[in-house]
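S.K.: The following block contains the structure, expressed as structure tokens.
The values are calculated or read from the model by the stated rules, or taken from the named source; none is laboratory data. No experiment lies behind these values; they were computed from the predicted model shown. Please note: Cβ atoms are built from the backbone with ideal geometry, for glycine as well, and neighbour counts cover all protein chains shown. Please note that ligands, DNA and RNA were not included when accessible areas were found on the heavy atoms of the full protein model with its side chains. Shrake-Rupley method; radii C 1.70, N 1.55, O 1.52, S 1.80 Å.
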Amino acid sequence: MSQSDTPVLELRNVTKTYSVKQGLFGKSKPLTAINDVSIKLARGEVLGLVGESGCGKSTLAKILLGLEAPTSGEVLVDGQTLGGQDRLALARRIQPIFQDPYSSLNPRKNIYDIIALPLRVHGIGDEASRQKSVREILDIVGLPARVMNNYPSQMSGGQRQRVAIARALIMKPEIVICDEPTSALDVSVQSQILNLLNELRQEFGLTYLFISHNLAVIEHLATRVAVMYLGRIVEEASVGGLFDAARHPYTDALLKSVLTPEPELGIPDTHLGMSYPNPIAPPEGCHFHPRCPAASDLCKSKRPTPLFDPNGRIECHLHSP
Amino acid sequence: MTLAPSTNNVDPLLQDIVGPTPGQQLRRRFFGHRGLMIGASVVAVLLVIALLAPVVAPHDPYAQDLLARMKPPVFLGGTWEHILGTDHLGRDYLSRLIYGARVSLLIGFVAALISGTIGTAMGVAAGYFGGRTDAVVTFLINVRLAMPVVLVALAVVAILGGSLQVVIGVLGLLLWDRFAVVMRASTLQVRGREYVSAAQAIGASTPRILLSEIMPNILNNLIVVITLEMAHAILLEATLSFLGLGVQPPTPSWGLMVSEGKNMMLFEPWLVLIPGAVLFVLVLAINLMGDGLRDVTAPENRS
Ligand SMILES: Nc1ncnc2c1ncn2[C@@H]1O[C@H](COP(=O)(O)OP(=O)(O)O)[C@@H](O)[C@H]1O
Ligand SMILES: [Mg+2]
């Protein structure tokens, strides 16, 4: 395994800016959804990505999937830039599982057609062998073969998410980008889906980027965690390191929110008092300083530089070199 | 380790997937909607009559009989020979009405087909691709909306001369605006759904995504607009023909019949009232059908 030190998936200094119009005659303003983000995904690991709603997690996922082009920076798959990769070849290696199983399945198609779509698009096998593949994958995700003739509207949220997982896995990808795969589900079904994802990862040797706004879910699955705030990765560490000794005050707040009863219900309450800042006009200096209990004058004026050390990374003046 | 789906993983609801399929649900709501059923039945009856015109019409709609001019209909003291009487040239009114249904329905159908194709292509492209495509299409829609349909149609027909083909062509090229507006908005909405992102992530081609992911999910709105624009085209044809710039005599057209009867309106009002009433019933039926289809396929109606 000489190539094991090349990350299977890497973002290098990726920035994504949208231009948003405010009001009918308002001028377009830039909204920086992702701000100079670099992350690496090693083969076989589960990188958890956590942060409040609107911090740029889904945008990051779309860039990794090649659904959105970064404004600057590059995406590398196995050390090669994404631009140089064939769209279909990329699709065979990286597949998504989305948040909302009520929107991720085409309501006009039956389950068989939904799951067989990747095989059809890639021209894999004939109709008979596709039937067989769909049966197999349904069995693997814990659905009976007879659901093939059903439509999404006939199924529950958990069943639909299993269908979405089946569609993502039928081409045996290496990397699966899970964008909050359980946050739209009933609490009772969430752990079933998480367990399934965990089993599948071991069975197929998958690499996951696992996105959530909830650290409790991340702790369940991830091997490493990246914490995102307003388009930046502010802390990165192994799961053990992060949960034992969080270094960034924001991570701290997220951890405390997990301790509140029933954290699965909706957005965690970070007890940060102030609400999430407007991403069109981010605060000066450290983006987090208006909500930070430990903010100093330095934090208000100067953006901290990231510090990389054996524990991971931290972007905070409290931990400046 | 093999991965058997462990029992504690099985969703408790797995055992009973018994709900109706979307097709069954639609059929059930379709047949349960009274307005839709009435409208569709009337349109179907008129369609059958129009198609079978040579069989069901009692007389030749062009045959003049100057000795039997303006005979009143049966219910106004006429004879059963001419159930709805005869016009100023002695032509059987019922037969002209029946052949007129062909003209109205043909114009409505073909004009809606042409404008539907143009408007849907523009609207879907604008909604899906956004950006510059959207800007161009939005501009074209605004230009089109700034043009008064009747005046433009009158001008074109005045230049090219009135005929069935010209009227169909003009209406087809003018009535695409509502298609474009509705299809653009529907596509914009559907494009944001995650199943479209999933298809993109699978590597599906753009035509495939448009045809198999987007189109089936905006088809309901398209059908509603088709019915409404059919009614619109039928009314416009009648207007143009009434003004003498539509279908030309001696072709039987309802608008033309109203126009020809209007000189005698004070003495023989049925000459105007009969074709007017039939036109009213057809347009009302088509609109009932359109409204019904909208109710039946509206998303808030979905479980
Ligand atoms: N297509 C878009 N156009 C404009 N702004 C967008 C677009 N997509 C996302 N954004 C903005 O980018 C920010 C990050 O969004 P997103 O990645 O969806 O966050 P998250 O998934 O963490 O909730 C938000 O402020 C959102 O409003
Ligand atoms: Mg998101």
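S.K.: I'd like the residue in segment A:198-216 that is touching a strand residue (DSSP E or B) at 6+ places or on another chain (Cβ under 8 Å) and away from every other protein chain (no Cβ under 14 Å) and, out of all such residues, is nearest to A:ALA245 (Cα to Cα).
M.R.: Once the filter is applied, the top-ranked residue is A:LEU215.
S.K.: Does A:GLY66 count as near ligand 1 (Cβ under 10 Å from one of its atoms) and buried (at least 18 other Cβ atoms within 10 Å of the Cβ)?
M.R.: The answer is no for A:GLY66.
S.K.: Among the residues in segment A:87-102, are any hydroxyl-bearing (Ser, Thr, Tyr), away from ligand 1 (no atom under 16 Å from the Cβ) and more than 14 Å from A:GLU10 (Cα to Cα)?
M.R.: yes
S.K.: If you scan segment A:86-116, which residues turn out to be closer than 23 Å to A:LEU197 by Cα, within 23 Å of the chain's Cα centre (by Cα) and of a type in the set (A, V, I, L, M)?
M.R.: Correct list: A:LEU90, A:ALA91, A:ILE94, A:ILE97, A:LEU105, A:ILE114, A:ILE115.
S.K.: Tell me yes or no: at least one residue of segment A:191-205 is within 16 Å of ligand 2 (Cβ to nearest atom), closer than 23 Å to A:TYR112 by Cβ and either touching a helix residue (DSSP H, G or I) at 6+ places or on another chain (Cβ under 6 Å) or open to solvent by 10 Å² or more (accessible area, probe 1.4 Å) (or both).
M.R.: No, segment A:191-205 contains no residue that is within 16 Å of ligand 2 (Cβ to nearest atom), closer than 23 Å to A:TYR112 by Cβ and either touching a helix residue (DSSP H, G or I) at 6+ places or on another chain (Cβ under 6 Å) or open to solvent by 10 Å² or more (accessible area, probe 1.4 Å) (or both).
S.K.: Moving to a separate point now. Filter segment A:15-55 for residues that are under 24 Å from A:LEU206 (Cα atoms) and either among the hydrophobic types (A, V, I, L, M, F, W, C) or near ligand 1 (Cβ under 10 Å from one of its atoms) (or both) and give the result.
M.R.: A:VAL37, A:ILE39, A:LEU41, A:ALA42, A:VAL46, A:LEU47, A:LEU49, A:VAL50, A:GLY51
S.K.: Please report, ordered by residue number, the helices (runs of 4 or more DSSP H) entirely within segment B:14-78 with at least 3 residues that are within 14 Å of chain A (Cβ to nearest Cβ) and surrounded by 13 or more Cβ atoms within 10 Å (Cβ to Cβ).
M.R.: In segment B:14-78, B:22-32 are the helices (runs of 4 or more DSSP H) which contain 3 or more residues that are within 14 Å of chain A (Cβ to nearest Cβ) and surrounded by 13 or more Cβ atoms within 10 Å (Cβ to Cβ).
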